[in-house]
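All remarks here apply to the structure that follows.
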Amino acid sequence: MRMTRFLLIGAAAFGLMTAASLAQEAPGAGVTIYMQMGGNAGDGATLARQTGAAAAAKALGVDQLNEQFSAWAPEKMIEQFKQALAANPSCIVIMGHPGADAFKALVDEAVAKGIVVTHGNSPLTPLMEAYGPKGFGYAGVDLYEGGKLTAEEMIKVGNLKAGDKAMVYGVFSQAERGLSEKGLADTLEKAGLTVERLEITQEANSDASLAVPVLAAYVQNNPDLKAIGTQHGGITGILAEVLKKAGKKPGEITVGGIDLGPATIDGLKSGYVQLTLDQLLYMQGFMPVLQCVLTAKYKMPGLNLNTGAGVVTSQTINDLVSLIDAGIR
Amino acid sequence: MKGALSIAGSASRLEAAPIIVVFLLLLLLFMITAPGVFMAPNIYTTFLSTLPPLILLATGLTFVIGAGEIDLSFPAIIAFSGFVFAILFKEYQLGWLAVAIALLSGVLVGFVNGLLVARLGIPSFIATLGAQFFWSGIATVLSGGKSYALRGAEESSVWLWLVGRFQFGGDPYDWYNQVSVQALWTALIVVFLWFILNRHRFGEHVLFLGDSNDVSRVVGVDVEKEKIRLFTMMGALAALAAVFLTLENRNYFGNQGQGYLLLAIAAVLIGGTSIFGGRATIIGSVFGCFIVMVIETGLVASGLEGSWVRTVQGLVFLAAIIFYLIIEEPQRWRAAIARLLPAPLAPSRKGGDEHPA
């Protein structure tokens, strides 16, 4: 199914290039895009998305790509949507974190004005159902499945057994975004582990380093802890530091996270982090820009792309390091 | 040079003139770099729906900072009062009563802040910092960290009267049908508070407090009472901002308001209110808010790469403050330059532009 999707997208991209070469005009000529990138410019959970979006905009000859950063604050994402709407671009790419209810009226307005809207990273399923034919696509992980996959790999790699204690650190409070941690925690529980769910504060959500002392204290206070799971890229990056500060040795606690920031590479190499879900952030940047061009120029409907391809472990990380340093993986 | 100084002198007689000039220059710049956005009306109607909470906070903070105090707890009030409003509006369908109780909750938090500062003598920085953690924690505990969607809120009279849009017929999405009612309420409150600060005894007392608490006592100001009033007013304004924000987003977010702390303080200080107290300008704070809001929007609309936005924002803030110093307080500006330059090059006391032979 995933392969079929890739082929479809590849064919669409090829068709687009061919059409463009025939018309001798860049496919993205005349297209302007406002795109929400999520966190902070250049951070580990955002950089590859920026690189992917910029590469797509360049390859397709998009007139202008306007990047918006929100430090993952949902109300900021709504405000940014309003500002984008006022600028009347060809297309707006949003993050799904505020939820479908919060975005519905704004998406209604944008579509009524003829602006293409698509989204990424956290799905807005009701809006996809309503506006899919108008180009409302999705590029991101199937959140619950991504969390489930991470947990399954953690159980396998860490030889986790029923009765073992695990902690899942996530943004459970955000309805759709929290599904990834829910998938992770549910799967560990189904395998018989005792799971404690901790909520990431907004401060730590924006700046993961603030969570280091909190987590180190938690680990020290729970000497029987066998596993830590998260689906937050920034938090994954600090977990090696947390375990060092808590006096743990590599491998003593099984750690499963998400994304491939530079700090996560160090965590994987040092053996403190066992695996990380690779959600292909580059694709989450590239595909929405392609979606914008496909819909704005050729009226193509929204594509739904699950970018949660698989996990990277300490055995498979080395081949990717140069690409991660370049902000591509 | 004389002509320039005389223009500067005339400009400085108008309240917050330097900051208004900075704002107009920025606007002009963005009209050139992003004409498609800033020469069209839509962005301005958008600001009318996104700026009011920030303006309400900055206006309240102008009084607080003008009195030589600080309030760091208003983001927590936005979370706490926003939660109170959302739960009563959504789960108990209390409508206008939900608005009143939410406002009361903000008044209560502000009043407690006032008691801590005025009666117990705890420095406002510490007292309100503690309140910020406490009340945002309470909001998280009560809400379970969850968000609440206010489905169908736009059908209610509360939404229509507080944050609805004026309707002038035609396409509901046209810019003239996007003017938010909350902008009108905010404008009325700002005008009212301008009169309070500049024409009412309370405003006079606030600025006295900013100059010196001891001198205020000597001239008969009830320092404790005025400080309690000050923080209570700030709490009420933050609660109103919370109601506006929650209704406008049709959602309560567990962490809402946290992004406003530095923005509101920056807006007040850029506007020309003295961080040491004793001098405050509401018009300056309002234009400070305009600048804070317009910079990021303008830079993004101009296509500036994301990583540069913060840097340029900081530069503009610094430039605004330096410009303010040159126009409003030339003697401090000359003194600052004198400290930076080697003695022979420093401007003399008699004329800033004279160089000794």
Exercise for the section: Working carefully through the options A:327, A:256, A:302, find the one that is assigned by TED's automatic domain parsing to the domain that holds residue A:93 and either buried (at least 20 other Cβ atoms within 10 Å of the Cβ) or touching a helix residue (DSSP H, G or I) at 6+ places or on another chain (Cβ under 9 Å) (or both). Expected result: A:302
Completion exercise
The number of residues in segment B:48-97 that are under 24 Å from residue B:287 (Cα atoms) and aromatic (Phe, Trp, Tyr) is 2
Problem - Where residue A:151 falls short, out of the listed (1) within 27 Å of residue A:88 (Cβ to Cβ); (2) at pLDDT 95 or above - result: (1)
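Please determine whether any residue of segment B:46-57 is farther than 17 Å from residue B:190 by Cβ and either within 14 Å of chain A (Cβ to nearest Cβ) or part of a helix (DSSP H, G or I) (or both). Outline the logic, then answer.
Going residue by residue through segment B:46-57, those that are farther than 17 Å from residue B:190 by Cβ are B:46.
Checking the rest, the ones that are also either within 14 Å of chain A (Cβ to nearest Cβ) or part of a helix (DSSP H, G or I) (or both) come to B:46.
Yes, segment B:46-57 contains a residue that is farther than 17 Å from residue B:190 by Cβ and either within 14 Å of chain A (Cβ to nearest Cβ) or part of a helix (DSSP H, G or I) (or both).
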Exercise for the section: Test residue A:254 against the stated conditions and say whether it is in contact (Cβ under 8 Å) with a residue 12 or more places away in the chain, under 18 Å from the mean Cα position of the chain (by Cα) and over 21 Å from residue A:33 (Cα atoms). Expected result: no
Fill in the blank from the handout: Checked B:75, B:41 against criteria (within 24 Å of residue B:140 (Cβ to Cβ) and within 14 Å of another protein chain (Cβ to nearest Cβ)); the one match is B:75
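If you check residue A:86 against the conditions, is it in the same structural domain as residue A:296 (by TED's automatic domain parsing), under 23 Å from the mean Cα position of the chain (by Cα) and either of a type in the set (Ser, Thr, Tyr) or on the phi < 0 side of the Ramachandran plot (or both)? Steps first, answer last, please.
On the way: in the same structural domain as residue A:296 (by TED's automatic domain parsing): yes; under 23 Å from the mean Cα position of the chain (by Cα): no; either of a type in the set (Ser, Thr, Tyr) or on the phi < 0 side of the Ramachandran plot (or both): yes.
No, not satisfied.
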Exercise for the section: Answer yes or no as to whether residue A:312 is out of contact with any His (no Cβ under 7 Å at 6 or more places or on another chain), part of a strand (DSSP E or B) and either farther than 22 Å from residue A:130 by Cβ or in the same structural domain as residue A:93 (by TED's automatic domain parsing) (or both). Expected result: yes
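Among the residues in segment B:164-176, are any part of a helix (DSSP H, G or I), of a type in the set (D, E, K, R) and without any contact (Cβ under 8 Å) to a residue 60 or more places away in the chain? Please lay out each step first, then the result.
Within segment B:164-176, the subset part of a helix (DSSP H, G or I) is B:175-176.
After this cut, where a residue has to be of a type in the set (D, E, K, R) as well, the list is none.
No, because not a single residue in segment B:164-176 is part of a helix (DSSP H, G or I), of a type in the set (D, E, K, R) and without any contact (Cβ under 8 Å) to a residue 60 or more places away in the chain.
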Exercise for the section: Check residue A:249 against each of (1) within 23 Å of residue A:156 (Cα to Cα); (2) in contact with a helix residue (DSSP H, G or I) (Cβ under 8 Å, 6 or more places away or on another chain) and name the one condition it does not meet. Expected result: (2)
Problem - Those residues of segment B:142-180 which are within 16 Å of residue B:87 (Cβ to Cβ) and away from chain A (no Cβ under 11 Å), in sequence order - result: B:142, B:156, B:158
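Here is a yes/no grid of residues against (1) assigned by TED's automatic domain parsing to the domain that holds residue A:303; (2) at pLDDT 95 or above; (3) at positive phi; (4) β-branched (Val, Ile, Thr):
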position: A:13; (1), (2), (3), (4): yes, no, no, no
position: A:21; (1), (2), (3), (4): yes, no, no, no
position: A:29; (1), (2), (3), (4): yes, no, no, no
position: A:36; (1), (2), (3), (4): yes, yes, no, no
position: A:39; (1), (2), (3), (4): yes, no, no, no
position: A:43; (1), (2), (3), (4): yes, no, no, no
position: A:46; (1), (2), (3), (4): yes, no, no, yes
position: A:51; (1), (2), (3), (4): yes, no, no, yes
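Of all the residues that make up segment B:184-225, how many are acidic (Asp, Glu) and not in a helix (DSSP H, G or I)?
Residues of segment B:184-225 acidic (Asp, Glu): B:204, B:211, B:214, B:222, B:224.
With the extra rule that they be not in a helix (DSSP H, G or I), the set shrinks to B:222.
So the answer is 1.
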Exercise for the section: Could you check how many residues of segment A:63-77 are modelled with pLDDT of 90 or more and facing another protein chain (nearest Cβ under 7 Å)? Expected result: 6
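Out of segment B:84-129, which residues are of a type in the set (Gly, Ala, Ser) and either within 14 Å of another protein chain (Cβ to nearest Cβ) or in contact (Cβ under 8 Å) with a residue 12 or more places away in the chain (or both)?
B:86, B:95, B:98, B:102, B:105, B:106, B:110, B:114, B:118, B:124, B:127
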Fill in the blank from the handout: Within segment A:35-68, the count of residues that are among the basic types (Lys, Arg) and surrounded by fewer than 18 Cβ atoms within 10 Å (Cβ to Cβ) comes to 1
Completion exercise
How many residues of segment B:131-187 are modelled with pLDDT of 90 or more and of a type in the set (Lys, Arg)? The answer is 1
Handout entry: In segment A:171-210, the residues that are within 12 Å of chain B (Cβ to nearest Cβ), more than 15 Å from the chain's Cα centre (by Cα) and of a type in the set (A, V, I, L, M)
Key = A:175, A:198, A:200, A:204
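Take the residues of segment A:116-164 that are among the polar types (S, T, N, Q) and within 21 Å of residue A:276 (Cβ to Cβ): which is surrounded by the most Cβ atoms within 10 Å (Cβ to Cβ)? Steps first, answer last, please.
Going residue by residue through segment A:116-164, those that are among the polar types (S, T, N, Q) are A:118, A:121-122, A:125, A:150, A:159.
Checking which are within 21 Å of residue A:276 (Cβ to Cβ) leaves us with A:121-122, A:150, A:159.
Details: A:121: 27, A:122: 24, A:150: 29, A:159: 10.
Going through the qualifying residues, I end up with A:150.
Checking the conditions here, which among B:271, B:203, B:278 is modelled with pLDDT under 95 and buried (at least 19 other Cβ atoms within 10 Å of the Cβ)?
B:271
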Exercise for the section: Of all residues in segment B:301-318, count the ones that are under 14 Å from residue B:29 (Cβ atoms) and more than 9 Å from every other protein chain (Cβ to nearest Cβ). Expected result: 4
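Say we look at segment B:54-99 and pick out the residues that are in contact with a strand residue (DSSP E or B) (Cβ under 8 Å, 6 or more places away or on another chain) and crowded, with 24+ Cβ neighbours inside 10 Å; which of these is nearest to residue B:263 (Cα to Cα)? First the steps, then the outcome.
Taking segment B:54-99 first, the residues in contact with a strand residue (DSSP E or B) (Cβ under 8 Å, 6 or more places away or on another chain) are B:82-83, B:85-87, B:90.
Applying the additional criterion that residues be crowded, with 24+ Cβ neighbours inside 10 Å yields B:82-83, B:85-86.
Working: B:82: 19, B:83: 22, B:85: 24, B:86: 24 Å.
Top of the filtered list is B:82.
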Practice task
Name the residue, out of B:288, B:298, that is part of a helix (DSSP H, G or I), within 14 Å of another protein chain (Cβ to nearest Cβ), among the small types (Gly, Ala, Ser) and within 20 Å of the chain's Cα centre (by Cα).
Solution key: B:298
Practice task
Identify, from the list B:245, B:237, B:262, the residue that is closer than 20 Å to residue B:320 by Cα and not small (Gly, Ala, Ser).
Solution key: B:262
Problem - Of all residues in segment A:92-115 being more than 9 Å from chain B (Cβ to nearest Cβ), in contact (Cβ under 8 Å) with a residue 60 or more places away in the chain and closer than 17 Å to residue A:302 by Cα, the one that is surrounded by the most Cβ atoms within 10 Å (Cβ to Cβ) - result: A:93
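The values are calculated or read from the model by the stated rules, or taken from the named source; none is laboratory data. Small disclaimer: the values here were computed from a predicted structure and weren't measured. When we count neighbours, we look across all protein chains shown, and the Cβ atoms used for this are built from the backbone with ideal geometry, even at glycine.
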